[in-house]
Number of protein chains: 2
Amino acid sequence: MASGDERHGEEEGNYGDATMGALREIYAGYAWADVASLEPEAAAARVRVRGAAQAVRAVGRRVAFLVLRQGSATVQCVVSRAGGGMARFAAGLSRESVVDVAGVVSLPREPVRGTTQQLVEIQVEKLHCVSRAVSNLPISVEDAARSEEDVARAKAVSSIVLAGEQRAHVGQDKRLDNRVIDLRTAANQAIFRVQCQVENVFRQVLLSEGFVGIHTPKLLGGSSEGGASVFKLDYNGQPACLAQSPQLHKQMAVCGGFERVFLVGPVFRAESSYTNRHLCEFVGLDAEMALRDHYSEVCDVVDKLFVAMFDHLNKNCAKELEAIQRQFPFKPLKYLETTLRLDYNDGIRMLQEAGVDVDPMGDLNTEAEKKLGELVRDKYDTEFYMLCRYPSAVRPFYTMPCPDDPRYSCSFDVFVRGEEIISGAQRVHDPELLAAQAEARGIDVATIATYIDAFRYGAPPHGGFGVGLERVVMLFCGLGNIRKTSLFPRDPNRLAP
Amino acid sequence: MASGDERHGEEEGNYGDATMGALREIYAGYAWADVASLEPEAAAARVRVRGAAQAVRAVGRRVAFLVLRQGSATVQCVVSRAGGGMARFAAGLSRESVVDVAGVVSLPREPVRGTTQQLVEIQVEKLHCVSRAVSNLPISVEDAARSEEDVARAKAVSSIVLAGEQRAHVGQDKRLDNRVIDLRTAANQAIFRVQCQVENVFRQVLLSEGFVGIHTPKLLGGSSEGGASVFKLDYNGQPACLAQSPQLHKQMAVCGGFERVFLVGPVFRAESSYTNRHLCEFVGLDAEMALRDHYSEVCDVVDKLFVAMFDHLNKNCAKELEAIQRQFPFKPLKYLETTLRLDYNDGIRMLQEAGVDVDPMGDLNTEAEKKLGELVRDKYDTEFYMLCRYPSAVRPFYTMPCPDDPRYSCSFDVFVRGEEIISGAQRVHDPELLAAQAEARGIDVATIATYIDAFRYGAPPHGGFGVGLERVVMLFCGLGNIRKTSLFPRDPNRLAP
């Protein structure tokens with residue numbers, strides 16, 4: 001029990017604004033802890049945590065409850081020191097300010113509501129603000145974290161005021177404008193952790209299959225190749241453009257003796273239309289491999305890779321998937337242990353039998369793809385499947401025609417929840433056939449001489465596939481908009497932040 | 001024993017040009033094998049391999065020796081079928097053509113010279129060309145694979161003609177112009193496998209330290225920021241440029257609640273001068289992390305990461321490092337188990353004591369860095385060390401000044417073999433201080449408002465570092481030119497292939 005004076009002195013030094021350097025001494029004797037790892041077993045331990053002041057509630061003049069958030073974990077901190085100076089200091093903290101709290105881990109009488117840590121709280125002994133947030137935040141994390149359902153429910157009883165403020169819905173553009181705050185929601189914390197895992201599995205599975213990770217240049221000479229959707233720039237006086245795919249360079253790496261390569265990197269498309277599934281810059285996951293007997297070897301890799309990925313996410317990211325589901329409800333993806341491979345012609349037949357008017361030698365439009373996805377799900381109980389042997393006419397000129405019928409090609413697309421996610425094929429490695437196929441499409445062979453020449457020095461039969469990282473996460477989690485799975489998305493209207 | 005006719009018939013079908021599809025049947029009964037994994041234990045096994053015809057030597061009209069290369073492994077294939085048709089076919093193969101060979105693994109009487117497989121060879125039963133290389137290759141793999149020493153030795157005895165041709169040296173530009181052939185040398189096969197491992201270790205160590213892998217946009221709004229060395233482009237009518245570093249976005253991710261992030265991706269610099277250590281596009285390995293007490297926590301991560309990386313390369317890439325050394329001799333990098341951290345002032349003192357004229361409050365030029373590298377190596381027996389607490393004046397405006405003396409900064413550089421490889425620091429997370437430091441440097445605060453605003457919503461103290469992937473490999477292997485470690489390099493003069 002400290003005397004009045006001592007207590008006053010103690011309080012003064014025990015809260016306030018302070019720099020990281022100064023706090024080192026003040027907080028000596030407390031062990032750093034992460035909010036997520038606090039456990040009832042740690043009761044009575046003296047810990048120090050740093051996090052964002054997500055919410056503060058004053059009770060009278062001497063007590064304050066502070067919800068501290070670190071990552072997506074939150075804990076209640078009880079400020080109830082004699083004198084009340086610290087509680088008033090806490091009450092004055094602007095939301096989202098970064099604060100240090102030192103205190104004793106304790107067990108609340110009843111589970112705490114509204115925090116992820118419900119069985120422990122912290123009895124605060126020291127409290128300092130390391131970084132003050134402005135008091136008029138453009139959006140609040142709580143609003144950004146609301147589900148559509150939550151907002152709808154609140155609107156239905158619009159007069160109810162909860163937790164001191166009305167439930168507001170924050171539109172996607174406003175969230176993206178203030179992405180540094182928006183990213184702090186539990187769903188966003190989870191989405192980008194899932195995304196990291198998708199990339200990890202992609203790399204690990206391919207490495208274990210003998211692939212070598214490479215990097216290909218994004219700056220390319222010339223500018224005509226990609227037509228309207230290419231970003232052009234000046235390169236030291238030469239015309240240049242940004243790579244719309246690593247196609248040529250990954251093929252060159254295979255021909256350069258690496259046999260199996262993969263890469264992860266940005267892909268640039270100067271899209272002019274605003275859709276839910278296109279970005280002007282996205283992260284491409286690409287692979288290319290020498291073939292032995294048949295292009296189905298590429299399908300084998302895709303099958304193994306994605307089944308391993310989905311298994312991994314379901315097994316190791318359960319918490320993250322739950323967090324995403326709380327804000328953006330979705331049903332777990334249905335997929336088979338061995339991925340269904342459907343012949344394009346069989347897909348056409350299924351659609352025709354269902355009364356859909358499709359050209360058997362044409363491409364499927366988005367609607368037909370959606371419909372086929374439903375038919376496949378109903379018939380085969382899977383929302384992940386491959387459609388193989390597309391008509392040659394609807395694939396790029398460098399796609400290998402089928403040896404038994406050149407009207408069809410050694411190619412495939414992969415669908416998740418009725419949306420195309422992966423495109424793959426065997427490539428033409430014979431320079432004469434490549435030139436002939438380009439000419440037949442009206443492409444000026446002179447403009448693609450570099451591409452064709454790459455196969456004049458001995459080229460193994462090869463094929464590969466490409467997939468967008470954002471699209472994998474979007475479709476696995478049924479998120480409906482690609483902007484949700486890009487950390488800082490770029491679309492025709494958005495180039496910031 | 002086949003009769004004459006049968007033999008003739010057998011021969012006809014057993015060699016020739018063929019497609020992958022056709023070979024599937026012809027080669028039934030042979031098991032696919034990799035050249036690298038053939039072993040004496042496999043003697044008498046019937047195998048099929050596919051690779052490049054690196055060299056062919058006819059002996060009389062009925063026998064030919066074919067050196068087949070797959071990746072960086074080579075094996076001798078003996079073509080000696082009765083009739084001689086197959087041997088003549090083999091002798092007519094252009095170098096680098098891709099061929100399939102089926103036959104019986106056998107043990108040569110004497111170790112084969114000039115191939116990596118010296119204790120096994122293949123007695124050829126079937127031989128088909130899958131892809132014909134042009135006969136006039138712009139460069140040969142053998143020439144591209146010669147060491148400087150090898151070329152010099154050959155020049156000294158210039159009249160000697162070896163293996164049917166004079167030893168030619170292929171200049172770097174010509175090699176890069178024909179990269180798809182150049183990449184097939186053993187050294188290049190090794191360099192890019194080492195590079196893949198560097199990235200793997202970077203990712204694995206950081207993942208195990210709680211970092212999340214992210215991706216940041218390369219397309220940025222505006223164009224003035226980076227001055228002359230920025231690539232500008234038009235983005236749907238808005239001025240845009242290519243990111244010269246992921247600095248702002250990785251900081252925003254930390255402030256967005258991810259605490260520890262890393263990323264691997266292209267970095268663009270419109271360099272105008274041609275040097276051995278700069279590229280216009282390189283692969284950046286970047287990390288950024290919330291700090292607890294001190295910026296040395298960033299140094300701790302760098303230390304752990306790079307010691308783990310060097311250990312891993314020495315232990316797991318011995319074969320690759322040997323292959324690089326055969327063409328480009330270098331001494332193994334000297335480094336300590338715990339990386340030396342030298343105070344900038346101590347570094348200055350060491351240089352001054354060695355008679356080097358340096359400004360204690362200025363930056364070190366390349367020469368001084370080299371010299372300090374030598375002094376450190378001599379004194380501490382390491383070629384890998386950190387130089388900490390640079391003068392604030394020589395670091396970017398967003399670098400945190402030291403709390404005890406703002407003339408110095410919470411920053412460091414890391415050196416390998418006397419060359420700077422990593423730059424790191426604590427960043428200013430206080431928007432007012434950030435604006436003040438920018439102003440003091442004459443930067444118009446309005447132009448960096450987005451950057452400053454990112455820290456107004458509560459920002460944890462944080463710091464990070466960046467390193468170029470190509471530079472790590474170049475300096476670890478003492479390669480002397482950054483173009484050797486970029487798969488398809490981009491410099492002021494080179495935008496192809």
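The values are calculated or read from the model by the stated rules, or taken from the named source; none is laboratory data. Just so we're clear, the structure is a prediction, and the values are computed from it rather than from any experiment. Cβ coordinates were reconstructed from backbone atoms using ideal geometry, including for glycine residues, and neighbour counts include every protein chain displayed.
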So for segment B:310-328 (the condition being touching a residue at least 24 places away in the same chain (Cβ under 8 Å), under 21 Å from the mean Cα position of the chain (by Cα), over 29 Å from B:Gln172 (Cα atoms) and more than 14 Å from chain A (Cβ to nearest Cβ)), does at least one residue qualify? no
Which of the numbered conditions does B:Asp286 fail, given that it passes all the others? Conditions: (1) at negative phi; (2) within 11 Å of chain A (Cβ to nearest Cβ). (2)
Any residue in segment A:271-292 that is crowded, with 17+ Cβ neighbours inside 10 Å sitting within a Cβ distance under 8 Å of a residue that is of a type in the set (Ser, Thr, Tyr)? List the pairs, counting only those 6 or more apart or interchain. A:Glu271/A:Ser229; A:Leu279/A:Ser486; A:Cys280/B:Tyr235; A:Phe282/A:Ser486; A:Gly284/A:Ser245; A:Asp286/A:Ser245
Just to be sure before I move on: is B:Ser37 surrounded by fewer than 21 Cβ atoms within 10 Å (Cβ to Cβ), under 29 Å from B:Glu322 (Cα atoms) and within 36 Å of the chain's Cα centre (by Cα) in the structure I sent? yes
Cβ-Cβ distance below 7 Å, separation of 6 or more or different chains: which pairs start in segment B:480-497 with a residue that is facing chain A (nearest Cβ under 9 Å) and end on one that is of a type in the set (Val, Ile, Thr) and assigned to a loop (DSSP other than H, G, I, E, B)? B:Leu487/A:Ile214; B:Leu487/A:Thr216; B:Phe488/A:Thr216
Suppose we keep only residues that are in a loop (DSSP other than H, G, I, E, B) and out of contact with any Phe, Trp or Tyr (no Cβ under 9 Å at 6 or more places or on another chain) within segment A:379-403. Which one would you say is surrounded by the fewest Cβ atoms within 10 Å (Cβ to Cβ)? A:Asp381
Within segment B:313-329, can one find any residue that is out of contact with any Phe, Trp or Tyr (no Cβ under 8 Å at 6 or more places or on another chain), closer than 22 Å to B:Tyr295 by Cα and outside any helix (DSSP H, G or I)? no
Residues within segment A:293-320 that are touching a helix residue (DSSP H, G or I) at 6+ places or on another chain (Cβ under 8 Å), of a type in the set (A, V, I, L, M, F, W, C) and surrounded by 17 or more Cβ atoms within 10 Å (Cβ to Cβ), tallied: 6
What strands (runs of 3 or more DSSP E) completely inside segment A:225-276 contain at least 1 residues that are within 22 Å of A:Val205 (Cβ to Cβ), at the interface with another protein chain (Cβ under 10 Å from one of its Cβ atoms) and not hydroxyl-bearing (Ser, Thr, Tyr)? A:260-268
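The rows are residues; the columns are (1) within 30 Å of A:Thr338 (Cα to Cα); (2) of a type in the set (Lys, Arg); (3) away from chain B (no Cβ under 14 Å); (4) without any contact (Cβ under 8 Å) to a residue 24 or more places away in the chain.
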position: A:Tyr385; (1), (2), (3), (4): yes, no, yes, no
position: A:Phe397; (1), (2), (3), (4): no, no, yes, no
position: A:Pro406; (1), (2), (3), (4): yes, no, no, yes
position: A:Gly424; (1), (2), (3), (4): yes, no, yes, no
position: A:His429; (1), (2), (3), (4): yes, no, no, no
position: A:Ile443; (1), (2), (3), (4): no, no, yes, no
position: A:Asp453; (1), (2), (3), (4): no, no, no, yes
position: A:Pro461; (1), (2), (3), (4): yes, no, no, no
position: A:Val472; (1), (2), (3), (4): yes, no, no, no
I want to confirm something. Restricting to segment B:408-422 and keeping residues that are surrounded by fewer than 22 Cβ atoms within 10 Å (Cβ to Cβ) and in a loop (DSSP other than H, G, I, E, B), which single residue is farthest from the other protein chains (Cβ to nearest Cβ)? B:Gly418
Take the conditions away from every other protein chain (no Cβ under 11 Å), closer than 30 Å to B:Pro138 by Cα, crowded, with 18+ Cβ neighbours inside 10 Å and in contact with an Asp or Glu (Cβ under 9 Å, 6 or more places away or on another chain) and apply them to A:Ala438. Does it pass? yes
Do we have B:Ser158 as modelled with pLDDT of 80 or more and out of contact with any strand residue (DSSP E or B) (no Cβ under 6 Å at 6 or more places or on another chain) here? no
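Yes/no matrix, rows are residues, columns are (1) among the polar types (S, T, N, Q); (2) in contact with a helix residue (DSSP H, G or I) (Cβ under 6 Å, 6 or more places away or on another chain); (3) part of a helix (DSSP H, G or I); (4) within 26 Å of B:Leu291 (Cα to Cα):
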{"residue": "B:Pro406", "(1), (2), (3), (4)": "no, no, no, yes"}
{"residue": "B:Gln426", "(1), (2), (3), (4)": "yes, no, no, yes"}
{"residue": "B:His429", "(1), (2), (3), (4)": "no, no, no, yes"}
{"residue": "B:Ala435", "(1), (2), (3), (4)": "no, yes, yes, yes"}
{"residue": "B:Ile443", "(1), (2), (3), (4)": "no, no, no, no"}
{"residue": "B:Ile452", "(1), (2), (3), (4)": "no, yes, yes, yes"}
{"residue": "B:Arg456", "(1), (2), (3), (4)": "no, yes, no, yes"}
{"residue": "B:Ala459", "(1), (2), (3), (4)": "no, yes, no, yes"}
{"residue": "B:Gly464", "(1), (2), (3), (4)": "no, no, no, yes"}
